[in-house]
1. What is the helix-to-structure angle for 189-202, meaning the angle in degrees between its Cα long axis and the longest Cα principal axis of the chain, kept from 0 to 90 and rounded to the nearest 10?
2. Report the antiparallel proportion of the DSSP beta bridges in the range 163-312 as a percent, rounded to a multiple of 5.
3. Express in % the proportion of alpha carbon pairs of the range 73-226 at distances exceeding 29 Å.
4. For the chain, modelled as a GNM with alpha-carbon contacts under 10 angstrom, which of 202, 117, 132 fluctuates the most?
5. Hey, in the GNM for the chain with a 10 angstrom Cα cutoff, which one of 264, 293, 134 fluctuates hardest?
6. So if we plug the beta-carbon distance of residue 149 and residue 179 into 1/(1 + (r/R0)^6) with R0 = 25 Å, what FRET efficiency do we get, rounded to 0.05?
7. Subtract the Cα-Cα distance of residue 227 and residue 68 from 0.36 nm times their separation in residues, and report this length gain in nm to one decimal.
8. Indicate, rounded to the nearest 5 percent, the antiparallel portion of the DSSP beta bridges found entirely in the range 66-192.
């Protein structure tokens, strides 16, 4: 069984390595839907987790159906809502258990969003990854500075044409530090929430017709402080914001295990993917960094214990 360590320190793959900015010979088919920002997060053969960004004043109901043909039944989804007191924006979390347990089913799985009048305001196709297959297609992305809107849009559109099985965001997925002046070093929790909201509103990834299973780790810009380390006073709040916006905050037996700090282990495609946190326990630059400078002892012990275990 293959073992893959995903860390912004060990493997910082730029989004540019995942999709070239060359002029395509065909028109992009990835179209923006509604202003709703929807993420399909942790996904496995039997189900998936999702987050939806909305204004607090908006009242939506979420439904899951298969095939979406006339007469097909809809399952009501009950979200858990995350909010920050100084923001008008909230994030809804919910989990879907697939009707058909066969990822190769010919029927489409559909997420439907309705307003208070029961009008459909958004509808997305849910991806069904087959985590047992040996041949798969993934992308590794990072450095998603939303100030480069044209370049971001073009890169994402071409990347999404490749029909990925899974997407890994390897840090700097949000440029929260873009709010800082040259002399400032860190953002507050309210600023961090603000920049997560703005990024979710802008990036094509969150507005595509067909959703992509996505897992994320962070680096300094989405952690909230330049060259961030364990001295960041809002690091626990930063973890809360991260967990609010990404859909990967629970264990799924045999598939996904939360580790120490902001780390996790993902088992899929006949391999193991270790998602590491290189900020929460990082020693400050220029200090006596010692043996556990980047990851901290707890996380390193967890990693090496996992690597030493049988792959069965």
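Read-outs: derived from the displayed coordinates by stated rules, not from any lab. Keep in mind the model is a prediction, meaning the values are calculated, not measured. Glycine gets a Cβ as well: all are built from the backbone with ideal geometry, and neighbour counts include every protein chain shown.
1. 40
2. Working: 10 of 14 bridges.
Roughly 70 percent of the beta bridges in the range 163-312 run antiparallel, per DSSP.
3. On the way: 3252 of 11781 pairs.
It works out to 28 percent of all Cα pairs.
4. 117
5. Its mean-square fluctuation being the largest, the pick is 134.
6. Working: r = 17 Å, r/R0 = 0.68.
In this case the efficiency is close to 0.90.
7. Details: separation 159, 0.36 × 159 = 57.24 nm, distance 4.73 nm.
Length gained between residue 227 and residue 68: 52.5 nm.
8. On the way: 11 of 15 bridges.
So the antiparallel bridges amount to about 75 percent of the total.
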